[in-house]
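For reference, the structure discussed in these notes is given below.
The values are calculated or read from the model by the stated rules, or taken from the named source; none is laboratory data. Not measured: the values here are computed from a predicted model. Don't worry about glycine lacking a Cβ; one is built from the backbone with ideal geometry, like all the others, and counts go over all protein chains shown. Ligands, DNA and RNA are stripped out before the accessible areas are found, and what is left, the full protein with its side chains, is counted by its heavy atoms. Shrake-Rupley method; radii C 1.70, N 1.55, O 1.52, S 1.80 Å.
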Amino acid sequence: MTLFEESITAANKAVAQRDWATALGIWEAVTQQYPESPEGFVGKASALIQLGRLAEAEALLLQAMEGFPANIWASVAYAQLAERQQDWREALRRWEAVRDKFPDAAVGHIGAASALRELGELDAAEAAFAQAAERFPDDPWAAQNHAVVAARRGDWPEALHRWEAMKRRFPDHSGAHVGAADALRRLGRLDETDRLLAEAVEKFPSDYWAATGYAQLAAQRHRWDEAIRRWDFVLQRFPQDIAGYIGKAETLLPAGRFDEFDDFLKLAAVWFPADPRFAQLSDEAKKLRRD
């Protein structure tokens, strides 16, 4: 492995650990030692974005786009920066530039269509996603976003149709299962929703949305003990995410498991001492006990 490859590996490791300060230092060294390589500039800009230094990131990406006009990822990061700032009109302009300059890359087509969707221009977004899905049939994100537009419209039969088509084409894509389950739930087909989410949790144990959706469905159906079991799975898989703690605490109360609720709330308070929702749940528990 070359020194350049070692540096890239070290930077990516810091990114995976969300250690943005370390990642920034490594990427900075890469840009200085290998100024002919775009990876350092794009990586450094991404770290700056994560650190909230957006003006510096924007200037660096403009420099990278000028210095490496054939590199798509500098242009992609430039468009994503406008998305992060929720400047959707500017994001659309930037994504259209990516799409026009790199027409054979799906990311520009999908990015432009996503910006149209966020602008509320659903007809244009619908057409753009449909075109992207047809042009890039092997890209799951084009198909997924095409289904999302139908869901955004509240057209749940059509959304289900698109999610099911995506699930058949991309059986190893967890988003298709979760999306189809959401459409089934909206249509009131709860038994089918439960079966599909159970399948998704087993097939994709690291998918956050499958696990939380599976627990939420049991709570929605007032199957309290089963919901608690499912929330325990969420906590096991995602111990640092607050949703599992809130979900289990909210389920212990209607289940009447007050002593367990008290013990669990103490544990949750250790992890999330400043979150006001646990105090609210504690007050609710006191009221339920009085009643």
Worksheet item: Which of SER46, SER174, SER37 moves the most in a Gaussian network model of the chain with Cα springs under 10 Å?
Response: SER37
Worksheet item: If the chain between THR9 and GLU199 were fully stretched, how many nm would it gain, using 0.36 nm times the residue separation less the Cα-Cα distance?
Response: 64.9 nm
Worksheet item: For the chain, modelled as a GNM with alpha-carbon contacts under 10 angstrom, which of VAL149, VAL201, VAL30 fluctuates the most?
Response: VAL30
Fill in: Model label zone, ALA127; criterion: amide N under 11 Å from point 7 Å along Cα-to-beta-carbon; scope the stretch 137-164
none
Discussion item. Which of ALA128, ALA268, ALA227 ends up with the largest GNM mean-square fluctuation for the chain, with Cα atoms connected below 10 Å?
Written reply: ALA268
Worksheet item: What list of ³J(HN,Hα) couplings, whole Hz, do you get for the stretch 84-91 from phi and the Karplus terms 6.51, -1.76, 1.60, once you set θ to phi - 60° and write x for glycine and proline?
Response: 4, 7, 6, 8, 5, 5, 5, 4
Discussion item. Could you check the spin-label model distance between LEU187 and GLN236? Points 7 Å from the Cα along Cα→Cβ, value in nm.
Written reply: 3.2 nm
Worksheet, complete the sentence: Quick note, the chain: a/c under 1.5 would make it rounded; otherwise a/b > b/c is prolate and the rest oblate (a ≥ b ≥ c, C-alpha gyration tensor); here it is oblate
Discussion item. Multiplying the sequence separation of SER282 and GLN33 by 0.36 nm and subtracting their Cα-Cα distance, what value in nm do you get?
Written reply: 84.0 nm
Worksheet item: Hey, what number do you get for the chain at 222 nm if only DSSP H runs of n ≥ 4 count, each worth -39500 (n - 2.57), divided across all residues, to the nearest 500?
Response: -25500 deg cm²/dmol
Worksheet item: Once phi is turned into θ = phi - 60°, what whole-Hz ³J(HN,Hα) does the Karplus curve with 6.51, -1.76 and 1.60 give for every residue of the stretch 102-108, x standing for Gly and Pro?
Response: 10, x, 8, 9, 5, 4, x
Worksheet item: With every protein chain present, what is the per residue accessible area of the stretch 84-144 (1.4 Å probe, Å²)?
Response: 51 Å²
Discussion item. Please give me, ordered by residue number, the trypsin sites (Lys or Arg not before Pro) of the stretch 1-78 that lie in loop per DSSP and have at most 12 other Cβ atoms within 10 Å.
Written reply: ARG18
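Within the accessible area of the stretch 27-110, what % is carbon and sulfur when the probe is 1.4 Å and the other protein chains stay in place?
Numbers: 2110 of 4150 Å².
Summing carbon and sulfur atoms, their accessible area is 51 percent of the total for the stretch 27-110.
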Discussion item. I'd like the distance between the alpha-carbon centres of the stretch 78-128 and the stretch 228-272, rounded to an integer number of Å.
Written reply: 39 Å
Item to complete: Please label the shape of the stretch 189-271 as rounded, prolate or oblate, based on the square roots a ≥ b ≥ c of the eigenvalues of the alpha-carbon gyration tensor (a/c under 1.5 means rounded; beyond that, a/b larger than b/c means prolate, else oblate).
Response: oblate
Worksheet, complete the sentence: So the carbon and sulfur contribution to the accessible area of the stretch 188-272, 1.4 Å probe, in percent, is 50 percent
Practice prompt. At a Cα cut-off below 25 Å, give the lysines reachable from LYS44, other chains included and same-chain residues fewer than 8 away excluded.
Written response: LYS13, LYS101
Practice prompt. Along Cα→Cβ, 7 Å out, is where each label goes; now give me the distance between the ones at LYS266 and ALA55 in nm to one decimal.
Written response: 5.0 nm
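Per residue, what accessible area does the stretch 204-275 have, given a 1.4 Å probe and all protein chains present, in Å²? Please list the in-between numbers first.
Working: 3740 Å² over 72 residues.
Heavy-atom accessible area per residue stands at 52 Å².
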Worksheet item: Taking the Cβ-Cβ separation of MET1 and GLN63 as r and a Förster radius of 35 Å, what is the calculated FRET efficiency to the nearest 0.05?
Response: 0.80
